[in-house]
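Single-structure report; data block below.
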Amino acid sequence: MTVIDYKMAGVDIEAGNEAVRRIKRAVQKTFSPCVLTDIGSFGALYDLKTLIQTYKHPVLVQSIDGVGTKTMIARMMNQYHTIGIDVVSATANDIVVLGATPLTLLDYIASDKLNPNVVEQIIQGMSAACAENGIALIGGETAEMPGVYNNSENDIVAVVTGVVDKEQVILGKDIVASDVILGLHSSGLHTNGYSLARKLLFEVAHFTVDSAHPELSRTIGETLLEPHLNYTRPILHLLQQSIPIAGMAHITGGGFIDNIPRILPQGCGVEIDRASWEIPALFYILQQLGNLSIDDLFRTFNMGIGLVMIVQEAYVDIVFQSMQNWPAFQISQIGRVVRSEQKLVRIL
């Protein structure tokens with residue numbers, strides 16, 4: 001009788017073990033004294049004593065997100081380091097806009113067939129991003145699922161956990177008409193809109209990842225694989241200076257039009273002046289290829305702004321001065337809060 005084992009069914013346990021061996025040192029570099037377990041534990045242990053002593057009323061803040069179809073660009077380029085960075089930025093930005101300090105990250109990597117080289121690149125990117133932003137990569141999971149995924153497809157998801165004092169949570173309730181909207185510039189598409197971007201660039205325009213475009217300084221593939229910016233450090237720096245930020249929004253899937261209203265109180269709307277910052281050429285290329293309206297663009301893409309913060313006009317100069325400590329990040333004044341019966345974003 002023929003023996004059919006797990007490997008014959010398409011799952012190579014040793015490949016998963018090899019991936020873990022390769023990433024162990026990089027992951028350990030992200031650990032803080034609060035991390036009590038190493039890779040391989042059934043669960044990750046994180047000591048909360050310091051949080052309890054430091055915060056008056058500590059509230060845990062969590063978010064989960066993935067890299068989405070940007071993973072397909074990584075596969076086309078055979079470059080996976082940056083999508084590891086992406087998943088850290090995508091989740092950390094989601095909680096820092098609530099005023100939280102990210103503490104830990106749990107990751108999940110799935111494929112039809114785990115390639116230790118690919119897993120190593122992804123985790124190296126995650127580890128570098130975590131270490132840079134003070135986040136402990138405390139655990140994760142790899143899954144090999146032939147039939148669920150095909151042709152070396154990868155899926156990458158992460159859960160970030162952070163903490164904020166209850167009195168310091170930023171939910172947008174203090175936003176009022178006449179407040180100013182400041183935008184931190186993005187590094188490109190980040191991780192949203194890739195299904196549309198891929199269709200337009202590769203199916204409509206018939207570009208390849210190696211194609212050049214006269215309005216882009218790099219190839220199509222390099223432009224699309226640009227890592228998602230992580231705004232954790234400059235935002236926490238602003239909060240540590242007790243600058244009263246009334247609200248913040250991470251511009252992800254849904255763009256300006258769907259994300260900013262999530263933080264607006266009743267009676268407030270937003271006007272965005274799209275001439276107030278330089279919109280990267282890639283977005284106009286996509287607009288032309290898809291004959292997209294301005295509203296379509298601002299509902300799908302970040303349009304060059306990855307995060308918005310809303311402050312009183314009296315604090316605008318202080319914010320700009322503080323941001324000079326972070327030359328890698330650009331900031332522009334991009335609009336205002338206005339009185340409105342509906343929580344609408346108007347693009348001017």
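Sort out which residues of the stretch 17-58 are part of a helix (DSSP H, G or I), at pLDDT below 85 and under 26 Å from the mean Cα position of the chain (by Cα), and write them in order of number.
Ala19, Val20, Arg22, Ile23, Lys24, Arg25, Ala26, Val27, Gln28, listed by residue number.
Could you look through the stretch 271-292, keep only residues that are within 23 Å of the chain's Cα centre (by Cα) and within 16 Å of Leu182 (Cβ to Cβ), and pick out the one that is surrounded by the most Cβ atoms within 10 Å (Cβ to Cβ)?
Per the criteria, the residue is Ile272.
Going by what's in this entry, would Leu182 be described as at pLDDT 95 or above, surrounded by 17 or more Cβ atoms within 10 Å (Cβ to Cβ), more than 30 Å from Arg336 (Cβ to Cβ) and aliphatic (A, V, I, L, M)?
The answer is no for Leu182.
Picking from Thr232, Thr252, which residue would you name as being under 22 Å from Ile85 (Cα atoms), modelled with pLDDT under 95 and under 20 Å from the mean Cα position of the chain (by Cα)?
Thr252
For the stretch 232-348, give me every one of the helices (runs of 4 or more DSSP H) that falls completely inside it and has 3 or more residues that are in contact with a Ser or Thr (Cβ under 7 Å, 6 or more places away or on another chain).
Hits in the stretch 232-348: 232-240.
Among the residues of the stretch 27-56, how many are over 13 Å from Leu106 (Cβ atoms) and touching a strand residue (DSSP E or B) at 6+ places or on another chain (Cβ under 6 Å)?
6
Take Val118 and tell me if it is aliphatic (A, V, I, L, M) and either closer than 25 Å to Gln240 by Cβ or touching a His at 6+ places or on another chain (Cβ under 9 Å) (or both).
no
Taking only the stretch 146-169 into account, find how many residues are in contact with a strand residue (DSSP E or B) (Cβ under 6 Å, 6 or more places away or on another chain) and either within 20 Å of Leu105 (Cα to Cα) or surrounded by 15 or more Cβ atoms within 10 Å (Cβ to Cβ) (or both).
12
The values are calculated or read from the model by the stated rules, or taken from the named source; none is laboratory data. Everything quoted here is computed from the prediction, not taken from an experiment. All Cβ positions, glycine included, derive from the backbone under ideal geometry; neighbour counts span all protein chains shown.
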